[in-house]
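To start, the structure under review is shown below, and the notes come after it.
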Amino acid sequence: MDLLSTRKLDAYYGDSQVLFGVDFEIERGEIAALVGANGAGKSTLLKTVCGLLRAPREAVRFAGEPIGGLAPGRIVRRGIALVPEGRRLFPSLSAEENLMMGGYVKRAGPWKLDSVYRLFPRLQQRRAHPAASLSGGEQQMVAIGRALMSNPQLLICDELSLGLAPVVVKEIYQALEQVCRDGVTAVIVEQDVAVAQRVSRRLYCMQEGRITLHGLSSELTRERISRAYFGV
């Protein structure tokens, strides 16, 4: 059964249409990757699913229920959490205070401070440090941990590897794979197509607000992905 699906999803910024009839789905326990050039519509799709952009009610379904157009807070309470592009931490708050912000919805589940610290031991050592003083990798760990503190069924991650060293990217994705083994489903936006294909079960490519290719990651060739990515 699909945990999340969109059907003929359109989205707009004001009068400008940016998504055109997007069909997307992910099953429970999967990692699905979205790839595409800048401006392809990937982040817009995530924002629409999370309620930051309006959508027709039936165009987005989660756990069998229509959620299109619901307020972001209601969507979080239903079990969807976003790790936003750029992390969006509170710079003057400590790492631990930022993590605690994710628990305000009080959803039941396994993710608490101690479980986040087991996933990212480095954060326990840096728990009292202001977020602004953390390295980029540590900030990304806090952003993921903050989302997990809401005990989501679905974790949506926008550009996890942006600006990070390869060794840190590897550590981040190893943690994500552990999270998904423990029962969380994930959607990732990733610029590095090789990384996206390696970590995901299902891959979608977008161009100019449309899905141009989708399938099982293991079955898609680099040539097909490249054609869908660049539209050639």
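The values are calculated or read from the model by the stated rules, or taken from the named source; none is laboratory data. Keep in mind the model is a prediction, meaning the values are calculated, not measured. Backbone-built Cβ (ideal geometry, glycine too); neighbour counts: all protein chains shown. Quick note on the areas: whole protein, heavy atoms, side chains included, nothing else; ligands and nucleic acids left out. Shrake-Rupley method; radii C 1.70, N 1.55, O 1.52, S 1.80 Å.
Residues of segment 119-146 with amide nitrogen under 14 Å from the 7 Å Cα-to-Cβ point of Gln174?
119-122
Report the FRET efficiency, 1/(1 + (r/R0)^6), for Glu58 and Arg181, where r is their Cβ-Cβ distance and R0 is 35 Å, rounded to 0.05.
0.60
Dipole of segment 149-232, Cα-centred, from +1 at each Lys and Arg C-beta and -1 at each Asp and Glu C-beta, to the nearest 20 debye? Walk me through the numbers before you get to the answer.
Numbers: 9 positive and 10 negative charges, 60 e Å.
It comes to approximately 280 debye.
Under the classification rounded if a/c is under 1.5, otherwise prolate if a/b is larger than b/c and oblate if not, where does segment 24-115 fall, given a ≥ b ≥ c as square roots of the Cα gyration tensor eigenvalues?
Prolate, since a/c reaches 1.5 and a/b exceeds b/c.
At 20 °C and 1.002 mPa s, what whole-number value in µm²/s does Stokes-Einstein give for the translational diffusion of the chain, with Rh from the Kirkwood sum over Cα pairs?
It diffuses with D of about 120 µm²/s by this estimate.
Could you work out the local net charge near Gly215, counting Lys and Arg as +1, Asp and Glu as -1, over the other residues with Cβ closer than 9 Å to its Cβ?
Neighbour charge sum, excluding Gly215 itself: +1.
Roughly speaking, to the nearest percent, how much of the chain's 1.4 Å accessible area is carbon and sulfur?
51 percent
How high is the relative contact order of segment 106-163, in percent, with contacts defined as C-alpha pairs under 8 Å that are six or more residues apart? Please list the in-between numbers first.
Values: 28 pairs, mean separation 27.1, N = 58.
Relative CO of segment 106-163 lands at 47 percent.
Rounded to the nearest whole Å², what accessible area per residue is found for the chain with the 1.4 Å probe?
So the chain comes to 46 Å² accessible per residue, rounded to a whole number.
Charges only on Cβ, +1 for Lys and Arg, -1 for Asp and Glu: so what's the dipole of segment 79-217 about the Cα centre, in debye to the nearest 20?
Rounded to the nearest 20 debye, it is 340 debye.
Can you tell me the FRET efficiency between Lys112 and Gln191 if r is taken as the Cβ-Cβ distance and R0 is 41 Å, rounded to the nearest 0.05?
Calculated value: 0.80.
Sequence gap at least 6, Cα distance under 8 Å: using those rules, report the relative contact order of the chain to the nearest whole percent.
Averaging sequence separation for qualifying contacts and normalising by length gives 27 percent for the chain.
Classify segment 1-73 as rounded, prolate or oblate, taking a ≥ b ≥ c as the square roots of the eigenvalues of its Cα gyration tensor: rounded when a/c is under 1.5, otherwise prolate if a/b is larger than b/c and oblate if not.
Taking the square roots of the gyration eigenvalues as a ≥ b ≥ c, segment 1-73 is oblate.
With charges set only on the Cβ (+1 for Lys and Arg, -1 for Asp and Glu), what does the dipole of segment 1-58 come to about its Cα centre, in debye to the nearest 20?
It comes to approximately 180 debye.
For segment 68-176, what class follows from the C-alpha gyration tensor (a ≥ b ≥ c being the square roots of its eigenvalues): rounded when a/c is under 1.5, otherwise prolate if a/b is larger than b/c, else oblate? Walk me through the intermediate numbers first.
Working: a/c = 1.60, a/b = 1.37, b/c = 1.17.
Prolate, because a/c is 1.5 or more and a/b exceeds b/c.
So, in Å, what gap is there between the alpha-carbon centers of segment 1-77 and segment 96-144?
First find each Cα centre; the distance between them is then 26 Å.
Report the residue, chosen from Arg201, Arg181, Arg87, that carries the largest GNM mean-square fluctuation when the chain is represented by alpha-carbon nodes joined by springs under 10 Å.
The residue with the greatest mean-square fluctuation here is Arg181.
Which residue, Ala33, Ile75, Met100, has the largest displacement toward the positive end of the dipole of the chain when charges sit on each Cβ (Lys, Arg +1; Asp, Glu -1)?
Of the options given, the answer is Met100.
Around Pro66, what is the net charge, scoring Lys/Arg as +1 and Asp/Glu as -1 over all other residues with Cβ under 15 Å from its Cβ?
Values: positive: Arg7, Lys8, Arg54, Arg57, Arg61, Arg74, Arg78; negative: Asp2, Glu25, Glu58, Glu65.
Around Pro66, the charge tally is +3.
With a point put 7 Å past each Cα toward its Cβ, work out how far Arg224 is from Arg201 in nm, to one decimal.
It works out to 1.8 nm between the two label points.
Can you tally the net charge around Ala194? Count Lys and Arg as +1, Asp and Glu as -1, for every other residue whose Cβ sits under 13 Å from the Cβ of Ala194.
Around Ala194, the charge tally is +1.
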